[in-house]
Every structure is written in structure tokens, then in C-alpha cells.
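Notes follow the structure.
The values are calculated or read from the model by the stated rules, or taken from the named source; none is laboratory data. Owing to the predicted nature of the structure, the values given are computational and were not obtained by experimental measurement. With ideal geometry, Cβ positions are generated from the backbone for all residues, glycine too; neighbour counts draw on all protein chains shown.
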Amino acid sequence: MTEYEQNTPPRRIRLGCENSNSSATHRKRVEWIDTLKVLTLFGVVLMHSSYYTIYSSFGGVENLSADGEYSFLYRVFSVIIGGISRFAMPLFMAASGAVFSWGMGKFSTLSTLIHNKAKRLLMPFLLVTTVVSVPIKYLAGYYDHSTHVLLDIFCGQYLLLGNSHLWFVVSLFYIFVVFYLLEKSNVRKNIFYWGILLGVSWLATILYHFMGPSFGMVFGLYGLLRYLFFFAIGFSTFKYWDEINPLSWSKQVLSWAGYFGIATLCLYLSGHTEIFVIKAILLFPMDSALALWGCVNMVWLARSIDRCIALKSSTIYRFMNRYNYELYLYSEPFTYVLIAWIVSWFGQSLFTENTIITLAYVMRFFGQILLATSVIWIVNLFKHKRIQLPEK
């Protein structure tokens, strides 16, 4: 069961067999949020298919580079991935906030919320880190250059000081707790409320940028500060996005073109200027604006695709919908295995040959999905269950 489905009250899920107008509205909410989370997972796995060098103080992988002589498609893919990376995690957080907006009522006390979220988020973090992430990274050579492997594993993967995709679930646990307290305290959502949340998000970005990942990153605290704002946005605006009609396809294309144009310009300027004021504007206000712009574009896209019955009936879509949370948990560690294989096969041509870089992206994307699927199958086998898909 995905974290999204776990936050959805059973009453809402069963409404599909009823005929009231209210049930139709609730059913539509579930469906387009399903589409949104499938699209978001697609983007996150695509991001995890783009890098070949990951370095931290607690392990990493270093591979070849082209020393600036990159192929045309490599540069194009880099621009696309860079654009996706600006809104992918804010969108994850906003979607979680949107779902929480109608599921919060089932948590009568803070202790009930903490118990539920610890079971759904912290327990998977510990289990997946121990059983999947650490063993796979070790076998893939992530710790080949470590002099204190056990310490690097503890600090990097359990305290989240190194590179671990599971920071997201720990940060989300904190966000649920903090936001619950904010809502129960009946804080007025005025300009000061949003200004403070946005300021905290910028502060986290400043600390991370100037002081390194070790400050505030420990055990997901950076994610709490950075993304609480986006969770609150999703919580507060879900009803609005559920009720309006999406933009036409032509307007969506124009909006995406504008988004990637501005994102590419900001990326270029931030890498070609040392003027602090310009860097500050690009890093904070523009970064937040682009994240929100990308989230809005993705919501419109999800609302439009939600009307495509043929796509939603496909096995791949239904599988990614049903096991969205599990695919996120299991897929990323396998990218290190795939990097080792692909680098050994293709070498320098990964960066200089258009055909090879395209093939590598395809292999890494579907490789992560297939290998994560194998873990899902093993887990279900251990639980004496078969892989199940939602009904068409």
C-alpha cells in the first residue's frame, strides 16, 4: 500500500460504487491524485537515471567525465533533468499535503498521528535502509574508498548525512507532526504565516548552500525546513485545484516552454556569475517561484491525463499507481549497480555519443523499475501475497 493510499480514509476509497454527486467528486480526487503521483514517480526515477558521480563525506561513486566535450543530447537531457529537479520534491510534499487535507480528521490526537506516521514512514526507512539500500550500495562499490565503512554507513545512511533518497520519508514524518500542531493551534493563514514558512524554506536553502549538507541535513531536518512550505501549499489549495478545469493542451505546452526557458536561464546565470545579489535572487525567490510553477504545470498535466482512459487502464500505469510508494523506496539504490554496469560497457562514449547516452537513460530508468519490482515481488512472496493491481 502506498503512503498516499494509507492517508486516504477508507470511506473515500469505497465511494466508487456509489452514485451521489459527492461520491463522484471524491472519486475524481482520488483518480487525478493517483495520476499526479505516478507522474511524479516517473520524474524522480528519471532524475535518478541522470548522474554518474555522487560524492559525499560518507561514501560515493566517481566515474568518467567528458571534460566538457558532451554530446548534444547529453546537454539536452541535463537541461530537462535540471528543470524536473526544481519541482519534483516540492511536488511530492505538496501532494502529501493535499491528501492530508481530507485525511487529517481521522487523527484525533497527536500521539495517534505520530504512531501512524512512524509505522508508515520511519519503520520503512529503517527496514529499507538496512535490508536494501546499504547492502546494494556496498556491493556496487559505494564504500570502496571508505576507511571506516561502518561509521560511514551509520552517518551517511541512518543519520542521513550522506547520499540517501530516504531522507524524504523521515522529513515527511517531521512535516506531518509540525503541520498537525500548526493546524491544531488554529494559526491564521495570512501573509505573515506564508511569509514565515517561505522564509524558513529560504533559510534552509541558505544553510545548505553555504554550510554544506552536514548542517541541518542530519536525520532529515533540512527537508522539514525546506519543504514544510510546499506541504502547507498543497494542504491549503487542494480544493481549488480539484474544482477548476485544467488548461488546454496548447496553453500547457506554452507554460512548460516558459518554465524550462526560465529554469535554463537561471541555471546558466547562477553558473556564470559571482555577484552575490544575483546568486541570492536566483537561489531563493526564483527557485521557489520555479518550484511552484512546475507543481502547477504538473497538476494541470495530471488533470488532463486523468481523462485518458486507455492510459489509466494499462498494466504499467496501474502497477505504478498501486506500488508507487514501494517503487520510490526500492528503486534508487539499484542505480549504483546500473551505473557500474553501464560505465564498464560504454565508458567515455556515455558522454559523447547521442545514441549511447539515450540508451543509457532507457536502461537505467527501466532497470530501476524492474529491479525494484523484483524486490516488491520478494516482499509479497515473504508475506504470502501476490502482486495486486487496482481494478480497471
- Consider TYR52 against the criteria (1) aromatic (Phe, Trp, Tyr); (2) within 29 Å of TRP345 (Cα to Cα); (3) out of contact with any strand residue (DSSP E or B) (no Cβ under 9 Å at 6 or more places or on another chain): it satisfies all of them except one. Which criterion is unmet? (3)
- Residues being closer than 17 Å to GLY234 by Cβ and aliphatic (A, V, I, L, M) - total across segment 188-207: 3
- Item | Contacts under 7 angstrom Cβ, first residue in segment 345-357 being surrounded by fewer than 20 Cβ atoms within 10 Å (Cβ to Cβ), partner part of a loop (DSSP other than H, G, I, E, B) and among the polar types (S, T, N, Q), 6 or more apart | THR352/SER71; GLU353/SER71; ASN354/SER71
- What are the pairs, 6+ residues apart or on separate chains, where a residue within segment 256-276 that is over 22 Å from ALA302 (Cβ atoms) has its Cβ under 7 Å from a residue that is charged (D, E, K, R)? SER270/LYS279; THR273/LYS279
- Query: Could you say which residue among SER314, SER304 is farther than 30 Å from TYR138 by Cα and at pLDDT below 90?
  - Reply: SER314
- Per the filter on segment 31-58, residues touching a Phe, Trp or Tyr at 6+ places or on another chain (Cβ under 9 Å), farther than 24 Å from ILE356 by Cβ and buried (at least 21 other Cβ atoms within 10 Å of the Cβ) are ILE33, ASP34, THR35, LYS37, VAL38, THR40, LEU41, PHE58
- Query: Restricting the search to segment 59-94, which residues are touching a helix residue (DSSP H, G or I) at 6+ places or on another chain (Cβ under 6 Å), surrounded by 18 or more Cβ atoms within 10 Å (Cβ to Cβ) and small (Gly, Ala, Ser)?
  - Reply: GLY59, SER71, GLY83, ALA88, ALA94
- Please specify each residue of segment 118-154 satisfying the condition of being crowded, with 16+ Cβ neighbours inside 10 Å, farther than 16 Å from GLU326 by Cβ and among the small types (Gly, Ala, Ser). ALA140, GLY141, SER146
- Task: Kindly establish whether GLY367 is more than 30 Å from ALA204 (Cα to Cα) and modelled with pLDDT of 90 or more.
- Result: yes
- Item | Close pairs from segment 172-194: first modelled with pLDDT of 95 or more, partner of a type outside the set (A, V, I, L, M) and not in a helix (DSSP H, G or I), Cβ under 8 Å, at least 6 apart | TYR180/PHE107
- Residue by residue through segment 240-263, note down the ones that are in a helix (DSSP H, G or I) and loosely packed, with under 15 Cβ neighbours inside 10 Å. TYR240, GLU243, TRP249, SER250, LYS251, VAL253, LEU254, ALA257, GLY258, GLY261
- Task: From SER313, SER331, grab the single residue that is surrounded by fewer than 16 Cβ atoms within 10 Å (Cβ to Cβ) and touching a residue at least 24 places away in the same chain (Cβ under 8 Å).
- Result: SER313
